[in-house]
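Presented below is the structure to which this report refers.
The values are calculated or read from the model by the stated rules, or taken from the named source; none is laboratory data. None of the values given here were measured: they were computed from a predicted structure. Every residue, glycine among them, receives a Cβ derived from its backbone with ideal geometry; neighbour counts consider all protein chains shown. Surface accessibility is based on the protein's heavy atoms, side chains included, excluding ligands, DNA and RNA. Shrake-Rupley method; radii C 1.70, N 1.55, O 1.52, S 1.80 Å.
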Amino acid sequence: MAQYKIPVIPGDGIGPEIIAEGKKVLDAAGEAYGFDIGWIEYPHGAEHYLKTGELISEDTLKELSGYDAIYLGSVGDPRVPPGVLEQGILLAARFYFDQYINLRPVKLLRGVDTPLKDKTSEDIDFVVVRENTEDLYVGVGGRACAGKSRGTAEIVRNLYHVKFGLDIETDADEIAYQIGMISRQGTERVIRYAFELASTREKKLSSVDKANVMTDIYGFWREVFTSVAGEYPNIETDFNFVDAICMWFVKNPEWFDVLVTPNMFGDIITDLGAMIQGGLGLAPGGNINPDGVSMFEPIHGSAPKHRGQNKVNPIATIWAGALLIEQLGERDAANTIVGAIESNLLRGDVKTYDLGGSSRTTDVGDDIARRVAQAR
Ligand code: IPM
Ligand code: MG
């Protein structure tokens, strides 16, 4: 029997509740498909941080690098300022393991209502490939204040002068900035991954950028896209500005099959994607390093106000579990889990409040686990 060891970080808020259901369903899939999962629990999250001061140490990350895939619940807690846990745990892992793909399927399963009038599961079925380690997420930024350093008003005036040849008067005396950076290698590898994925689907790849305004960074993105596209002559491609993508996701989601996007825009458009597939409770994601350690999680946050009430929807996490097991090579088990989710949704008698039901988190997990067991 195949044996997998999977580190699991339940995290904060609703994290432990949804992860428990994900594990339940994966264990049921293991029983049906003849593999066994040894879960290795990690305490990282707000509680652990407040007690010990550790977010996630390099030692822990080193230890985790001995595995192929990590299962993550959610991080974020009102007792800790925004950004600390997200950067210190989630982004730390994405960067440390160089998980350069953030794979986010946007698929309206049958049985789910989309807020888009007249659209069905035929229309909403695409995958967003979000670059996951560069762009505005590189964490380069700062502040400058008149008096502390060179006058900031002067910096701003010089910038305008150098860039646009304009002499602009400003009295700005304090500025903040954040810099986006993409590398040729980082851009090429995510775009190539998206082309490979598109080759296995409808042979259509849409690129997302804002090359009309941020010409340096996204002009470069387009250049790299165009050069990789040369290797895939049978894939149809198009370029889209990110603001227009938001419009088309709502008006014509059926146009899309695979999209590839820089990190920041990918973050934003996948929340929109989640809504058109029925809500954040249904949207899974995978942080993937095809040659290293990947990490799977729901794309939603830790929803602290719902914590401990056994009421939130565990489906995003269960689906993320399916992506995880697929990454480990258990494709049939993964398909069965997604099928079981869909049959739960189609039946519609065991669903949480976000889908208009009143079932508990654990009821939904039980129902899907039972369907997985029966599907074999
Ligand atoms: C996501 C989240 C994260 C991100 C946050 C929590 C750091 O919004 O996974 O989409 O911005 O990537
Ligand atoms: Mg996000």
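Looking at segment 211-235 only, could you name the residues that are in a loop (DSSP other than H, G, I, E, B), open to solvent by 40 Å² or more (accessible area, probe 1.4 Å) and touching a residue at least 24 places away in the same chain (Cβ under 8 Å)?
First pass over segment 211-235, keeping only residues in a loop (DSSP other than H, G, I, E, B): 211-214, 230-235.
Narrowing the set further to residues that are open to solvent by 40 Å² or more (accessible area, probe 1.4 Å) leaves 212-214, 230-231, 233-234.
If the condition is that a residue be in a loop (DSSP other than H, G, I, E, B), open to solvent by 40 Å² or more (accessible area, probe 1.4 Å) and touching a residue at least 24 places away in the same chain (Cβ under 8 Å), then N212, M214, E231, N234 are the ones that fit.
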Item to check | In segment 71-92, the residues that are touching a strand residue (DSSP E or B) at 6+ places or on another chain (Cβ under 7 Å) and more than 14 Å from ligand 1 (Cβ to nearest atom) | outcome: Y71
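Checking the condition in contact with a Lys or Arg (Cβ under 6 Å, 6 or more places away or on another chain), more than 9 Å from ligand 1 (Cβ to nearest atom) and polar (S, T, N, Q), which residue from T261, T270 passes? Steps first, please.
Details: T270 fails: more than 9 Å from ligand 1 (Cβ to nearest atom).
Residue meeting the stated conditions: T261.
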Next on the checklist: Yes or no: segment 328-346 includes at least one residue that is within 16 Å of ligand 2 (Cβ to nearest atom), not in a helix (DSSP H, G or I) and not aromatic (F, W, Y).
Outcome noted: no
Item to check | Subset tally (residues that are within 13 Å of ligand 2 (Cβ to nearest atom) and part of a loop (DSSP other than H, G, I, E, B)) for segment 284-313 | outcome: 4
Checklist entry - Are any of the residues in segment 314-326 surrounded by fewer than 16 Cβ atoms within 10 Å (Cβ to Cβ) and outside any helix (DSSP H, G or I)? => result no
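One line per residue, one yes/no per condition, for (1) in contact with a strand residue (DSSP E or B) (Cβ under 6 Å, 6 or more places away or on another chain); (2) among the hydrophobic types (A, V, I, L, M, F, W, C):
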residue	(1), (2)
L323	yes, yes
N344	no, no
V350	no, yes
S358	no, no
D366	no, no
A369	no, yes
Item to check | P253 open to solvent by less than 10 Å² (accessible area, probe 1.4 Å), within 16 Å of ligand 1 (Cβ to nearest atom) and touching an Asp or Glu at 6+ places or on another chain (Cβ under 7 Å) | outcome: no
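Within segment 236-250, restricting attention to residues that are part of a helix (DSSP H, G or I) and not aliphatic (A, V, I, L, M), which residue is surrounded by the most Cβ atoms within 10 Å (Cβ to Cβ)?
Within segment 236-250, the first condition is being part of a helix (DSSP H, G or I), and the residues that meet it are 242-250.
Going one step further and asking which of them are not aliphatic (A, V, I, L, M), we end up with 243, 246, 248-249.
On the way: D243: 11, C246: 16, W248: 14, F249: 23.
Of everything passing the filter in segment 236-250, F249 is surrounded by the most Cβ atoms within 10 Å (Cβ to Cβ).
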Checklist entry - Among Y160, Y100, which is the only one that is in contact (Cβ under 8 Å) with a residue 24 or more places away in the chain and either more than 16 Å from ligand 2 (Cβ to nearest atom) or touching a Cys at 6+ places or on another chain (Cβ under 7 Å) (or both)? => result Y100
Next on the checklist: Tell me whether segment 27-35 contains one or more residues that are surrounded by fewer than 21 Cβ atoms within 10 Å (Cβ to Cβ), at pLDDT 95 or above and closer than 22 Å to G13 by Cβ.
Outcome noted: no
Next on the checklist: Would you confirm whether or not segment 194-203 contains a residue that is within 16 Å of ligand 2 (Cβ to nearest atom) and within 28 Å of K117 (Cβ to Cβ)?
Outcome noted: no
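Can you name every residue in segment 93-119 that is out of contact with any strand residue (DSSP E or B) (no Cβ under 8 Å at 6 or more places or on another chain) and of a type in the set (G, A, S)? Working first, answer last.
Applying the first criterion (out of contact with any strand residue (DSSP E or B) (no Cβ under 8 Å at 6 or more places or on another chain)) to segment 93-119 yields 95-96, 98, 109-119.
Result: G111, single match.
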Checklist entry - Could you list, in sequence order, the residues of segment 347-375 that are surrounded by fewer than 17 Cβ atoms within 10 Å (Cβ to Cβ), acidic (D, E) and in a helix (DSSP H, G or I)? => result D354
Next on the checklist: Against the definition (more than 16 Å from ligand 2 (Cβ to nearest atom), more than 26 Å from E236 (Cβ to Cβ), open to solvent by less than 50 Å² (accessible area, probe 1.4 Å) and modelled with pLDDT of 95 or more), how does G279 come out, yes or no?
Outcome noted: no
Next on the checklist: The conditions are (1) assigned by TED's automatic domain parsing to the domain that holds R201; (2) without any contact (Cβ under 8 Å) to a residue 40 or more places away in the chain; (3) within 16 Å of ligand 2 (Cβ to nearest atom), and E86 fails exactly one of them. Which is it?
Outcome noted: (1)
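Yes or no: segment 315-322 includes at least one residue that is at pLDDT 95 or above, within 16 Å of ligand 1 (Cβ to nearest atom) and among the β-branched types (V, I, T). Even if it seems obvious, please write down each step before you answer.
Within segment 315-322, the first condition is being at pLDDT 95 or above, and the residues that meet it are 315-322.
With within 16 Å of ligand 1 (Cβ to nearest atom) added as a condition, the list becomes 316-317, 319-320.
After this cut, where a residue has to be among the β-branched types (V, I, T) as well, the list is 317.
For segment 315-322, residues at pLDDT 95 or above, within 16 Å of ligand 1 (Cβ to nearest atom) and among the β-branched types (V, I, T): present.
Each row is one residue, and each column tells you yes or no for (1) open to solvent by 30 Å² or more (accessible area, probe 1.4 Å); (2) assigned to a loop (DSSP other than H, G, I, E, B); (3) under 19 Å from L323 (Cα atoms).
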position: W39; (1), (2), (3): yes, no, yes
position: Y49; (1), (2), (3): yes, no, no
position: I56; (1), (2), (3): no, yes, no
position: L61; (1), (2), (3): no, no, no
position: Y71; (1), (2), (3): no, no, yes
position: P78; (1), (2), (3): yes, yes, no
